[in-house]
1. In the stretch 74-175, which trypsin sites (Lys or Arg not before Pro) fall in coil by DSSP and have 10 or fewer other Cβ atoms within 10 Å?
2. For the stretch 50-205, what does the alpha-carbon gyration tensor say about shape, rounded, prolate or oblate, given a ≥ b ≥ c as the root eigenvalues, a/c under 1.5 as rounded, and a/b over b/c as prolate?
3. So who's got an amide H within less than 5 Å of the one on Arg205, skipping anything under 5 residues away but keeping other chains? H placed 1.01 Å off N, in plane.
4. Please enumerate, by chain and number, the lysines with C-alpha under 16 Å from the C-alpha of Lys545, excluding those fewer than 8 residues away in the same chain.
5. So what are the ³J(HN,Hα) numbers for the stretch 350-367, from phi and the Karplus equation (6.51, -1.76, 1.60; θ = phi - 60°), rounded to whole Hz, Gly and Pro as x?
6. GluC sites (Glu not before Pro), restricted to the stretch 236-345: which are DSSP loop and have at most 11 other Cβ atoms within 10 Å?
7. Leaving out ligands and nucleic acids, and using a 1.4 Å probe, what accessible area per residue does the stretch 280-332 come to in Å²?
8. Keeping the other protein chains in place, figure out the carbon and sulfur percent of the accessible area of the stretch 121-242, with a 1.4 Å probe.
Amino acid sequence: MAFSMQPHGIQSMLKEGHKHLSGLDEAVLKNIDACKQLSTITRTSLGPDGMNKMVINHLDKLFVTNDAATIVNELEVQHPAAKILVLAGKAQQEEIGDGANLTISFAGELLQNAEELVRTGLHPSEIISGYTKAITKTLEILEELVEKGSETMDVRNKEQVVSRMKAAVASKQYGLEDILSSHIADACIQVCPKNPVNFDVDNVRVSKLVGGVLHNCTVIRGMVLKGDAVGSIKRVEKAKVAVFATGVDSTATETKGTVLIHSAEQLENYAKTEEAKVEELIKAVADSGAKVIVSGGAVGEMALHFCDRYKLMVLKISSKFELRRFCRTTGTSALLKLSQPKPDDLGFVDSISVEEIGGSRVTVVRSEDGGNKVATVVLRGSTDSILDDLERAVDDGVNTYKAICRDSRMVPGAAATEIELARRLKEFSFKETGTTVVGTTGTGARPTIMILPAEQLEEAININYGIFCRLDQYAIAKFAESFELVPRTLAENAGLNPMDIISKLYEKHASGNGKVGIDLRGDDSEDGVCKDVSTVNVWDLYVTKFLALKYAAEAACTVLRVDQIIMAKPAGGPARREQPAGMDED
């Protein structure tokens, strides 16, 4: 007779096949370890000298980049705790468009320091309490570090825009930031609306053409469409435009019909009737004043013949998103079927021409007059991977411009802000006034625990109470120490001695100069690589730093709060995918 053991505890409550992890070793420390592994991947890509990662996703698409948002998105992270850091990085990327690497790396550093505190005996609740106090104090100090006068700026002043944008672009394309920032600033200023707060990043487009070098890049007021014009006319100037969303062809009836033809003459007349109808429609478009027809669908052979006869240029745009942008650029209203457009439905362009750039034929739509809605940055490079990385740098620059339009305040870059925050936060941790007092009120009585302010400590000492510092003070000190991640990583990635540089930075900041950072192009002068960032014009946006630190601290505290992991048995069948990785939103 066989005896089977009945499940007990949590096993009796959940289905067979579940996983259950609890306690410091199984849940907290394993979660921290997973987050540390993720931040280790992104950390070496931080800063101008950050290393590239070669990622091949499940579709065998190759990514060679140092953009943390792209890296973690293509890695398809499965660990639930590490996913929290990924979500924090995505939130930063969607909100600002830059700083995702700082968010993930800083959160990983906080958790690594939290692990040391846990192993020395602190409870996660005490660490969370200290981290919460630390981030509150950090954001107060960060506001004090804002450069005076930076809160007001003209978003159409190219020089001021470039100074704020350069650091974000340099983190992706170090050495090319001057050229790229200039082009990005030109494109953004061209499409900036009257109220800069309403700036739309979708109005700055990127066209990637293989061949040439970065110095061949240009900014076009209008659009660049890949592909040739459909008809024989390849260039028009100062032209009105008509857009037909469904295509340019003779319309078929909705119901099937049968035509009985008795003679050749009837067949000839039938063909002429169709021909006359198409000619009538094309002539009506030409009579409206339009010189360009843009089709969202197929263009019939007969319709194309009459377009050439009436000197109409024909373009075909298959993507409905691209068609909408074209309408926005030219001020055109898309019509559903081929018919004579009203004057209000027509748009206007300065010129449309087919050009050959690097062996690729493209259609350039220019709208030079003020008020145009779209600008295009034409990027040139030797390979698709280089062009993709240049595009990410442009996206970072455009998103930075959007952030500037909302909040133009800036803080010292090149790790100057992080060292100053670390220095001040360490001082704050020493001055934390709350102290735990442990003692007894009488012989044989149970010990009582009280938290007293500093001014009452002398009285407590006189009655022989034992005094211990509050434990969250250690967490605040570790939070301050975590800021050393940025200068240490910048130095390591540049091949410099991190300990030497961090000690020099602390020395200069302690002497009163809070703007000293790391100049990676530093020479053998007296200052070496530690220089005042205001002299080398390296600035970071306040809002980028504010949100990155806030998201990182919140993500770290969220991971530390987890003490149990309970995973149900996975459902059968193929796994659902939200969206194929690497796919465009369009």
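1. Numbers: sites: Lys83, Lys90, Arg119, Lys133, Lys137, Lys148, Arg156, Lys158, Arg164, Lys166, Lys172; in loops: Lys148, Arg156, Lys172.
Qualifying residues, ordered by number: Lys148.
2. Verdict is oblate for the stretch 50-205.
3. Residues meeting the amide H criterion: Ala375, Thr376, Val377.
4. Lys90, Lys137, Lys166, Lys402, Lys515
5. Along the stretch 350-367, the couplings run 6, 7, 10, 9, 9, 10, 10, 10, x, x, 9, 8, 10, 9, 9, 9, 9, 9 Hz.
6. Values: sites: Glu237, Glu254, Glu265, Glu268, Glu274, Glu275, Glu279, Glu280, Glu301, Glu322; in loops: Glu254.
Here the GluC sites (Glu not before Pro) that fit, given the DSSP loop and packing criteria, are Glu254.
7. 43 Å²
8. 50 percent
The values are calculated or read from the model by the stated rules, or taken from the named source; none is laboratory data. No experiment lies behind these values; they were computed from the predicted model shown. Glycine also receives a Cβ, built like all others from the backbone with ideal geometry; neighbour counts cover every protein chain displayed. Side chains are part of the model used for accessible areas, which takes the heavy atoms of the whole protein and leaves out ligands, DNA and RNA. Shrake-Rupley method; radii C 1.70, N 1.55, O 1.52, S 1.80 Å.
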